[in-house]
Amino acid sequence: MTTEDLTIELTFAAEPRRVYDAWLDPLTVANWIWGSLGVKATAEVDARDGGTLRSSTTSPDGTTWSLEGNALQLDPAKSIEFVMTWSAPMGYETPEERVIVTFEDASSAGNPPQCRMTFRHLGLPIEVARVEHDKGWRDAFSHLAHQLNAGGVR
């Protein structure tokens, strides 16, 4: 089966460790991972190789949407790799998808810290899924930037 992949590269005004930690702190994850859809969002994170990530939110129609993943590899302040499945109306069969996130120091001398985050979502079954996930993840990452700028995750 042919699949689609999504890559998003963003720079945050934070050290790589803070951005990495924002993926693993349950309260912070709940505040950003669903983006604008994050109403009554919750998250559970077992931050170790093989650990789980679970998050849910209340959708606009009042139903619960959720995602669940298992960490394949956590390399502190450098990378996170996990597989995930969705329990939400995606409009397609929801196979197990893989996410790889890397964090690089993009700071320059004399300037505030910067982290270049490269996000890869692999195994999307159709092009429309890639397009919609691109919109959704970019929305979520704008909430992540807000969390980092508001002083979340120290």
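Can you tell me the 0 to 90 degree angle between the C-alpha axis of helix 127-149 and the longest principal axis of the chain, rounded to 10? Helix 127-149 and the main axis of the chain meet at about 40 degrees. Counting beta carbons within 10 Å around each of Asp61, Asp134, Asp21, Asp75 and listing the fewest first gives the order Asp61, Asp75, Asp134, Asp21.
Label positions at Leu10 and Glu127, each projected 7 Å from the Cα along the C-beta direction, are separated by 2.6 nm.
Exposure proxy ranking for Trp137, Trp23, Trp34, based on other Cβ atoms within 10 angstrom of each Cβ and starting from the fewest, stands as Trp137, Trp23, Trp34.
Using the alpha-carbon positions of the chain, Rg (one decimal) and Dmax (whole number) come out as 15.1, 49 Å. Applying both filters, DSSP loop and at most 16 other Cβ atoms within 10 Å, to the chymotrypsin sites (Phe, Trp or Tyr not before Pro) of segment 55-117 gives Tyr92.
Which number do you get for Rg(Cα) / (2.2 N^0.38 Å) in segment 112-154?
On the way: Rg = 13.2 Å, N = 43, 2.2 N^0.38 = 9.2 Å.
That ratio works out to 1.44.
Among Ser36, Ser56, Ser66, a tally of other beta-carbon atoms within 10 Å of each Cβ gives an order, fewest to most, of Ser36, Ser66, Ser56.
As a length-normalised measure over Cα pairs under 8 Å and 6 or more apart, the relative contact order of the chain settles at 32 percent.
Coordinate-derived values only; no laboratory data. Computed from a predicted structure; not experimentally measured. Note that we place each Cβ from the backbone using ideal geometry, even for glycine, and neighbour counts take in every protein chain shown.
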